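Asks: Got a structure for you, questions after.
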Amino acid sequence: PSPCSVSIALSKQNFTLKYDTNIPRQVGLAGSSAIVSATLKCLMKFFNITDSDLPKPVRANFILNVESEELFITAGLQDRVVQVYEGLVYMDFSKALMDDKGYGEYIPMDMSCLPPLWLAYLGDPSDSGRIHSDVRQRWLNGDPDVVEAMKSFAELTDGARDALQSRDWARLAELMDRNFDLRRSVYGDECLGQGNLKMVQLAKQFGSAVKLPGSGGAVLGLCLDSHKLVELKQAFQQAGCVFCHIVPFDPCGGRAQGPD
């Protein structure tokens, strides 16, 4: 059996399940996994299943298995982990950890002061450039370029954690730009799609750091100039995109605070 396999006896109870969502569709913002995660959360409450019965790291794996085996969705663990833990989470998916425990190391981080992040996504995601490429297969095949790129992504993540802890927003912005540049070099422009590239170019015109938060159709940015941020928002809206100022949810105390 898998290190994450569990067996829980459930009482015989009937239920009706309905859902609604405000997560925009087809722009790579984990809307489908959010529905599965929310459903599991409801079922755990309905059947009186506790965190000790189904620990959080195992729960993320369970959600991924539902998506891959029942819904035939190819995905990774990141979205499911943050949906289960909520808030700001550092994730280490090193091979040694995954082989030993079946899941990574997930560490909730302090959210008392976060930078002014923004999110924009395509109003018409028909050209979202959803990234279904050969990169996953190349990784499985041990392609040295992809393996090296994944090591670099991990290093960027460690650097971003340090920048968040020291509240070095300029450093965080630099790392976000490097993240996109690395992703572009691995996937290529054709795979990223013109819609994504145009949003990135638009953000850079206003001096904002920018990266892709998901599989395509949305961009995440950090603009340290409040005046340019206003102009940036107007430019995205004029380009037909939806623009949002991010207000993170802190599971320890509601909405997280921004910088002074």
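The values are calculated or read from the model by the stated rules, or taken from the named source; none is laboratory data. Keep in mind that this is a model prediction, so the values were computed, not measured. Quick reminder, even Gly has a Cβ in these numbers, built from the backbone with ideal geometry, and neighbours come from all protein chains shown. Heavy atoms of the whole protein, side chains included, go into the accessibility calculation; ligands, DNA and RNA do not. Shrake-Rupley method; radii C 1.70, N 1.55, O 1.52, S 1.80 Å.
Asks: Starting from one equal scatterer on each C-alpha and no solvent at all, send me the Debye-based log10 I(q)/I(0) for the range 159-260 at q = 0.13, 0.20, 0.21, 0.24 Å⁻¹, two decimals.
Replies: For the range 159-260 at q = 0.13, 0.20, 0.21, 0.24 Å⁻¹, log10 I(q)/I(0) is -0.51, -1.14, -1.23, -1.41.
Asks: Run lengths n ≥ 4 of DSSP H only: what is the helix-derived mean residue ellipticity at 222 nm for the chain, with -39500 (n - 2.57) per run over all residues, to the nearest 500?
Replies: Helix-only estimate at 222 nm: -14000 deg cm²/dmol.
Asks: Something else: As a test question: what accessible area, to the nearest 10 Å², does ASP189 have when a 1.4 Å probe is rolled over all protein chains in place?
Replies: Estimated to the nearest 10 Å², ASP189 gives 70 Å².
Asks: Need one word for the range 86-230: rounded, prolate or oblate. Basis is the Cα gyration tensor (sqrt eigenvalues a ≥ b ≥ c); a/c below 1.5 gives rounded, then a/b vs b/c decides.
Replies: Oblate, since a/c reaches 1.5 and b/c is not below a/b.
Asks: To continue, here is another question. TYR90 label point, 7 Å along Cα→Cβ, cut-off 19 Å on backbone N: hits in the range 166-188?
Replies: Backbone N within reach: 166-176, 179.
Asks: First obtain the Kirkwood hydrodynamic radius of the range 36-92 from its Cα pairs, then insert it into the Stokes-Einstein equation at 20 °C and 1.002 mPa s, and state the resulting D in µm² per second as a whole number.
Replies: Answer from the Stokes-Einstein relation: 182 µm²/s.
Asks: If you don't mind, another one. Expected output is a single nm value to one decimal: the length gained when fully extending between THR50 and GLN234, i.e. 0.36 nm times separation in residues minus the C-alpha distance. What is it?
Replies: Length gained between THR50 and GLN234: 61.6 nm.
Asks: Something else now. Between PRO108, PRO116, PRO144, where does the largest GNM mean-square fluctuation fall for the chain, given springs only between Cα atoms within less than 10 Å?
Replies: For the chain, modelled as a Gaussian network with Cα springs under 10 Å, the answer is PRO144.
Asks: A follow-up question, please. Tell me, what % of the accessible area of the range 119-226 is carbon and sulfur with a 1.4 angstrom probe?
Replies: It is 46 percent, rounded to a whole number.
Asks: Another question, if that's okay. Take LEU197 and MET150, extend 7 Å from each Cα along the Cα→Cβ direction, and tell me the distance between the two endpoints in nm.
Replies: 2.7
Asks: Could you order GLU148, GLU155, GLU190 so the one with the most accessible surface comes first? Probe is 1.4 Å.
Replies: Highest to lowest solvent-accessible surface, that is GLU190, GLU155, GLU148.
Asks: At most 12 other Cβ atoms within 10 Å and a DSSP loop assignment: could you name the chymotrypsin sites (Phe, Trp or Tyr not before Pro) in the range 37-117 that fit?
Replies: Hits after loop and neighbour filter: PHE72.
Asks: What nm distance separates the two modelled labels at ILE107 and LYS204, each placed 7 Å from Cα along Cα→Cβ?
Replies: Output for this residue pair reads 3.2 nm.
Asks: Give me Rg/Rg_expected for the range 55-120, where Rg uses Cα atoms only and Rg_expected = 2.2 N^0.38 Å with N residues.
Replies: In units of the globular-protein estimate, the range 55-120 measures up at 1.25.
Asks: In Å², what does the accessible area per residue of the range 191-260 work out to with a 1.4 Å probe?
Replies: Here the residues of the range 191-260 average 51 Å² of exposed surface.
Asks: Work out, step by step, the length gained on full extension between THR39 and GLU70: first 0.36 nm times the residue separation, then minus their alpha carbon distance; give nm to one decimal.
Replies: 9.7 nm
Asks: Considering just Cα atoms, how many Å³ per residue does the convex hull of the chain enclose?
Replies: About 146 Å³ per residue, rounded to a whole number.
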